[in-house]
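The structure appears below as structure tokens.
What follows is calculated from the coordinates using simple rules that are stated; it is not laboratory data. Just so you know, these numbers come straight off a predicted model, no measurement behind them. Don't worry about glycine lacking a Cβ; one is built from the backbone with ideal geometry, like all the others, and counts go over all protein chains shown.
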Amino acid sequence: MVELVPNLLKQELEKLAENDKRIDGRSRWESREITLETNCLYNAEGSAKVVWGETVIYAGVKFEVRTPWPDRPTQGSLMCGAELRPVAGRKYEPGPPSPESIELGRVVDRGIRESGCIDMDSLCIIPGEKVLGIMIDIHVLSDKGNIFDACALGAIAALRTAIVPAERFDIGEDYPLSVSMTPTMCSFTRVGGRYVLDANEKEELGGEERIHITLGDQGHLHSLQKGLKGTFTPAEFDEILQVAQNRCKELADLVNAQEE
Amino acid sequence: MNLNNRLFYHGMDGRRFGEKDMSGGQKGAELRLVTPGEAIGASSGGRVGSGAIIQGKEIIATKLGWVKQKNGVTSVDPINSTYMPRSGDLVIGVIESVRNNLWFAEVNGPFNGLLPMSLAPWKVEFGAAREHMDIGDIMLARVQEVDEAHNIVLTMKGVGLRKLKEGIMSQISVNNIQTLRGENNSTVNMLKDASDCRIIVAENGRVWVDGDDDGVELVRSVIEMIQDSGHKATTENEIQEFIEKRRNA
Amino acid sequence: MGGYGDVKLLRDDGSRLDGRQVDEMREVEIEAGILPAADGSAWVKHGLNVAVCAIYGPMEAHPRKIQRQDRAVIDVRYNMAPFSTSDRIRPGFNRRSREISKVTAEALESVVLVERYPRSKIRVEIEILAAEAGTRCVGITAAAVALADAGIPMRDLIVGVASGKIEDTVVLDLDKAEDNYGQADLPMGILPTTGEIAFLQMDGDLSVDEYNTCVEYNMKAAKEIHAIMVDALRRRYQSSNGGGK
């Protein structure tokens, strides 16, 4: 379902931007409040619930034992998928995975995979025969803006608290999955002509293109994505990248604080 | 709060819920929050209003809300409900589609309203409807007619009915409209005064506000406050105090 | 039902493996209004099961062919999250979910005053986040709380409960092991104030006497869960000083 964009909303967002204000009173680089809870679901080997403003998502980790790819006999695998089911909002409809949900899953997947936080060789059980596959599934329950950052946070938090169910697979005792880094995502949306951090649902509705940046522990870039219609300049990117450097650190600290 | 919860639990072995007074003689003691299926009175002699039905010898609540008894009529004032248009309602709509000779507007209810060319405030040539109002435009209209199957006809013929070109459109739950207005519009009038804004509170929960940034922000914060707590013990005084405080800040 | 008596599910003192008595249900926790994007919502934890439900509507029924001129249609989607079970579930079409969605919708249509909203649709989205036996019942309970939270008119709430048989003994509210190795399961959707039954399924092997005991247990549990549902709805809206508008 295509959402109707009231013209007055666009006008209002432009006027607010001119005066360096936002529709919910936040400053330009201010995020909404985040609550993170881990290990909250029975049956998932790692799980996280993220309440990001009024956006709510769950992420769950499952493992499987599988045959490795012939060209990489000692490497396990990681797969991250997101579901945007009709529960998430009025605009979501039932049916096969939408391009939006596939994009969401893949952008989160790339950030985690490319950071190298999982050593794929450590997932090998018997070279050429048995390796572990990790599957992260993300379930969006309430979309009130910026589901990307919430999903990325939930995915890495669930992963960092995951326990490999080795006993169930008959390969020894259960052990915590080794995750060497905490990649996190920061998203920016053009609202009223300028970028803001962590757009809410009104800003997304009346806004334009968005940029997603995933950074690792050293501040290195691991995944970038520009979505929706619109263009940006290199100078604009430099500005938001600096904001992302600080913000991603804070998000990583939030995840790491869960592991006491 | 916890005390109240415990009270509910003790009541649960009994027959129906809510037969005791939960409020312990505090403010608002005459108000009772009920859930669907709860008995709220005997059907003999009494009449039922909205949010309640007669089942056998009892009046049963059909909605989550506050029990209201007035002139022998028992009803439930719901906490949440969908806007269902009635003829004569003032509404703020968003144009969703345009045809040669009519507009469809989204009015915050299950069904779109139809505005025929003949009820528009302009002299419209056939095929030129879009020149007057296009998709996404906001309109202030009145509900002309609603039939059994929820077909809604809107009109823009009337004093003040127009396309809204400036200002902002905000939203409040239809059950909180009365709280925002206050008795005889006292609250909204006070808010207009304090914010120096023009404000229209439409029957479909849409609120139009036009003024300078600070004024709009004040109105927005009051709407938010009512949305967050309107169903709770917010009284007119509390809201008016809030406005007063913000005005002086 | 999985096996027949090959796994021991009752202790010598007659209590169950998790320490419950035969007529004791698992712990139930409910919160109303936890999904801000929805018109109404609920979160239910029943034992280790976790279900959430979001309500959208009433809205115009689309596509047109599902519209009913005299009433609203209730469009239920019961879905298990991929990580909700011990083996991951592949997302997508699933016969079991379709069947549960259908009978759940029909149960809800028996309590919702659907004739108030001709040509409309009320979307009921039930998502199982963690499954430990009895998810369809937890889904029904969540849906009822969410519908009330959304302000949808109903003549009663509806409570999902189940009883069953393990080691030739009738027990209330089967857990995972009891469901896997038990002999029968009887889930019901009960209208708590009238005692009517709007949802019924059963599989396994029950004598008429055993069936009657199951019904008796289910009725008892429905009253207990109803109290928790009412409490959740009240907690969301009742202010601490007991006042009202």
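Some observations on this one:
- Counted by neighbouring Cβ atoms within 10 Å, the residues B:Arg86, C:Arg88 run from fewest to most as B:Arg86, C:Arg88.
- With one equal scatterer per alpha carbon and no solvent term, the Debye-computed log10 I(q)/I(0) for chain B at 0.10, 0.11, 0.12, 0.13 1/Å reads -0.63, -0.74, -0.84, -0.94.
- J(HN,Hα) series, the range B:143-151, from Karplus relation 6.51 cos²θ - 1.76 cosθ + 1.60, nearest Hz, glycine and proline x: 7, 7, 6, 10, 9, 4, 8, 6, 6
- The residues C:Asp156, C:Asp39, when put in order of fewest to most other Cβ atoms within 10 Å, stand as C:Asp39, C:Asp156.
- Fewest neighbouring Cβ atoms within 10 Å first, the residues C:Asp173, B:Asp89 line up as B:Asp89, C:Asp173.
- Amide hydrogen neighbours beyond the local backbone of B:Ile40, cut-off 5 Å, H modeled: B:Ile59, B:Ile60, B:Ala61
- Annotation: amide H of C:Met80 within the under-5 Å range of C:Ile128, sequence separation 5 or more or interchain, hydrogens built in the peptide plane.
- The residue among C:Gly139, B:Phe104, C:Asn180 whose Cα reaches farthest toward the positive pole of the charge dipole of the protein assembly as shown, with charges on the beta-carbon of Lys, Arg, Asp and Glu, is B:Phe104.
- For the protein assembly as shown: Kirkwood Rh in Å [reciprocal of mean 1/r, alpha carbons]: 28.1
- Positive dipole terminus of the range B:168-248, leading residue within B:Ile199, B:Asn176, B:Val222 (C-beta point charges): B:Asn176
- Candidates A:Trp69, A:Asn43, A:Cys80 compared by Cα position along the dipole of the range A:27-81: farthest toward the positive end lies A:Trp69, with charges placed on Cβ.
- Magnitude of the charge dipole for the protein assembly as shown, about its Cα centre and with charges confined to Cβ atoms of Lys, Arg (+1) and Asp, Glu (-1), is about 2360 debye.
- Magnitude of the charge dipole, the range A:7-259, Cβ model with Lys/Arg +1 and Asp/Glu -1, debye to 20: 580
- Phi angles of the range A:55-70 translate, via the Karplus equation with coefficients 6.51, -1.76, 1.60 and θ = phi - 60°, into HN-Hα couplings of 7, 10, 9, 10, 10, x, 10, 10, 10, 9, 9, 9, 7, x, 5, x Hz per residue; Gly and Pro are given as x.
- Above-threshold pairs, the threshold being 30 Å between Cα atoms, out of A:Lys15/A:Lys144; A:Lys202/C:Lys45; A:Lys144/A:Lys229; A:Lys249/C:Lys45; A:Lys130/C:Lys165; A:Lys49/B:Lys245: A:Lys202/C:Lys45; A:Lys249/C:Lys45; A:Lys130/C:Lys165; A:Lys49/B:Lys245
- Sum of -39500 (n - 2.57) over DSSP H runs of 4+, divided by residues of chain B (222 nm, nearest 500): -7000 deg cm²/dmol
- Where only alpha carbons of chain A are counted, the Rg and the Dmax (Å): 19.2, 63
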